[in-house]
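Computed from the coordinates by the stated procedures, all read-outs in this text should not be read as laboratory data. Here the structure is a predicted model, which means the values were calculated and not measured. We place every Cβ from the backbone using ideal geometry, glycine too, and count neighbours over all the protein chains shown.
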Amino acid sequence: MAKIKAQGVNFYYGQFKALADVSMEIAEHEVTALIGPSGCGKSTFLRCLNRMNDTIPGTRLEGKIELDGLDVYAPAYDVADLRRRVGMVFQKPNPFPQSIFDNVAFGLRILGQTRGLADCVEQSLRSAALWDEVRDHLHEPALGLSLGQQQRLCIARVLAVEPDIILMDEPCSALDPIATLAIEELMRQLKERYTIVIVTHNMQQAARVSDCTGLFWLGKLVEFNPTEKIFTQPDEQQTEDYVTGRFG
Amino acid sequence: MLETHHYRSTFDQRYAQARDDLLRMGQMVDNAIDRSIQALRARDQTLARQIIAEDLVINALRTTIEEECLVLIATQQPTASDLRATITAMFLTNEMERIADHANGIAKTVLRMGDEPLLKPLVDIPRMAEVARDMLRQSLDAFLARDIQAAHAIAARDAEIDHMYRAIFDELLAIMANDPKTITRATYLLWCGHNLERIGDRVTNIAERIVFMATGAREDLNE
């Protein structure tokens, strides 16, 4: 069964229709990449998955998005729980101006956890492949880390609250190539336990890390297929033109 | 509708270079087959030696094209039809290098034959060579045009070559059975026929790759 199922999703910023009839089934324990030119709706769609767009006035969603079979836009759905289960990593690393430890413990403290914090922080940092680099500096400022380390810290902060799904919106666009490869390697490890959806402008990154890829174009999902197919033998001419760099 | 742009001019230019080198290689290989039959007909050992020497040039060109494709993949990261075209160019250069080896094989046979007279007048062997060369030239056109129908038609012609090879084989076998003293000279002609039969198979492989390049599908055209 699909972990996330979007059915006939339309999304509006005021009068502007940013998504048109998008349907997609995102499989559990896979990396799904969303690609497409700027303004095509891929980030809007990503933010629909954990209702991040709710915070923007004048937005409206039609259609249905289900997580484990439950409609996340149903009135009874607990949005706070949704955001815990569906964590998000952003384009620029955004650690809080606190210590490394406090950054990772932040969500746990919000959830009221007071015991076993150190173990949870260690485990999250290990899962984010950062522990060995920071184990002796846990109480130093997070902003002293390199950008690549900061992004892995943000991933550790997401992992600490034990989500099912991690959404990543251009997570490597501010990072150098080595830090980028470190995050990509991390994604491959994390998908064993989590479901990952990544928006990327870097098509080669989509090709390297994802199992399935969706191409958005003018708010529509043009094609959604296994990544190998998208990059070797896509079904749609628009996909062919986009991945070969013949429109954009 | 958004404006359509074309951002792959570097890929296109570099691919065009590899493709043009491939076509040049195809002409050299075609020429090598033609001259190997001329050498066989005229028992021209000088020409045979030239063919053998020029095979090194073809081998070097193959390395050049392979390198051009490797650089394309490493630096331009082609995808979809561009990736298939690049991989196909690499495959074709390999097949053509082997076809040249078969022409080389005929030239080497001419050297072995020395001054001995031909066992029989050459009839089917030059015909086989003509069909094989025609298939090769058409395959290069089909490669350029990404023409699937032409690729199928080219592969179908391999049956003509196979048919002529079987006829030569049966005829030479009968001659050898009748007079064992002819075995050496008959074997020379069998080698030549076998080289041409293999060229037909390799052009069929090229036709299969053209279908793959155009559609992404792998079809077995070797019946």
* Asked: Percentage of Cα-Cα pair distances in segment B:103-177 greater than 21 Å, rounded to whole percent?
  -> 42 percent
* Read phi for every residue in segment B:40-57 and hand back ³J(HN,Hα) as whole Hz from Karplus 6.51 cos²θ - 1.76 cosθ + 1.60, θ = phi - 60°, with x for Gly and Pro. => 5, 4, 8, 6, 9, 6, 5, 4, 4, 5, 4, 4, 5, 5, 6, 4, 5, 5
* Quick one: go through segment A:141-158 and flag any residue whose amide nitrogen is under 19 Å from the point 7 Å out along the Cα-to-Cβ line of A:Lys92. => A:142-155
* To do: Determine, for each peptide in A:172-178, B:18-24, the mean count of other beta carbons within 10 angstrom over its residues, then list the peptides with the highest first.
  => B:18-24, A:172-178
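So what's the projected area for segment A:111-182, the Cα convex hull averaged over all directions, in nm²?
5.4 nm²
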* For A:Thr213, enumerate residues with amide H under 5 Å from its amide H, sequence gap 5+ or separate chain, H modeled in the peptide plane. => A:Ala33, A:Asn225, A:Thr227
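Arrange the following residues from fewest to most other Cβ atoms within 10 Å of their Cβ: B:Thr46, B:Thr75, B:Thr187, A:Thr227.
Going from sparsest to densest Cβ surroundings: B:Thr46, B:Thr75, B:Thr187, A:Thr227.
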* Structure fact -> In vacuo Debye sum over C-alpha of segment A:116-248, base-10 log of normalised intensity I(q)/I(0) at q = 0.14 Å⁻¹, listed in q order, is -0.69
* Under-5 Å amide H pairs with A:Ala27, H placed in peptide plane, nonlocal only -> A:Lys3
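So what's the net charge close to B:Asp101: Lys and Arg +1, Asp and Glu -1, counting the other residues with Cβ under 15 Å from its Cβ? Intermediate results must be reported in sequence, preceding the final value.
Numbers: positive: B:Arg35, B:Arg62, B:Arg98, B:Lys108, B:Arg198, B:Arg202; negative: B:Asp30, B:Glu54, B:Asp55, B:Glu95, B:Glu97, B:Glu197, B:Asp201.
Taking every other residue near B:Asp101 into account, the sum is -1.
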* Asked: Looking only at segment B:176-203, which residues have a backbone nitrogen under 15 Å from a spot 7 Å from the Cα of B:Asp162 in the C-beta direction?
  -> B:197-203
* To do: Amide H neighbours of A:Met168 under 5 Å, at least 5 residues apart or on other chains, H built in the peptide plane: list them.
  => A:Val89, A:Val197, A:Ile198, A:Val199
* Asked: Roughly how crowded by other chains is peptide B:73-80, in terms of the mean Cβ count from those chains within 10 Å of each of its Cβ atoms?
  -> 5
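Using the Kirkwood formula on the Cα atoms of chain A, what hydrodynamic radius do you get, in angstrom to one decimal?
18.6 Å is the Kirkwood radius here.
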* Relative contact order computed over segment A:4-243 (Cα-Cα under 8 Å; 6+ residues apart), in percent -> 29 percent
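What number comes out for the charge environment of B:Ile148, summing +1 per Lys or Arg and -1 per Asp or Glu over other residues with Cβ under 14 Å away?
Around B:Ile148, the charge tally is 0.
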* Helix-derived [θ] at 222 nm for chain B: sum -39500 (n - 2.57) over DSSP H runs of at least 4, divide by residue count, nearest 500? -> -29500 deg cm²/dmol
* Asked: Using r as the Cβ-Cβ distance of B:Thr182 and B:Ala153, and R0 as 41 Å, what FRET efficiency do you calculate, to the nearest 0.05?
  -> 0.60
* To do: Evaluate the distance, in nm, between pseudo-label points positioned 7 Å from the Cα of A:Ile56 and of A:Glu140 along their respective Cα→Cβ axes.
  => 3.8 nm
* **Two-site FRET efficiency, B:Arg49 against B:Glu130, from Cβ-Cβ distance with R₀ of 25 Å, rounded to 0.05** => 0.55
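Given that compact globular proteins tend to follow 2.2 N^0.38 Å, what is the ratio of the alpha-carbon Rg of the protein assembly as shown to that value?
Details: Rg = 31.7 Å, N = 471, 2.2 N^0.38 = 22.8 Å.
Cα-based Rg divided by the globular estimate yields 1.39.
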* When only C-alpha pairs under 8 Å and at least 6 residues apart count, what is the relative contact order of segment A:98-217, in percent? -> 27 percent
* **Choice from B:Ile210, B:Ile73, B:Ile33 with maximal GNM fluctuation in chain B (Cα, 10 Å cutoff)** => B:Ile73
* **Within-15-Å neighbourhood charge of A:Gln189 [Cβ basis; K, R +1; D, E -1]** => 0
* Counting residues in segment B:10-215 as N, plug N into 2.2 N^0.38 Å and put the Cα Rg over that result. => 1.11
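State, as an integer percentage, the relative contact order of segment B:10-215 based on alpha-carbon contacts under 8 Å between residues 6 or more apart.
After rounding, I find 28 percent.
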* Write down the Å³ per residue value for the convex hull defined by the alpha carbon atoms of segment A:28-76. => 103 Å³
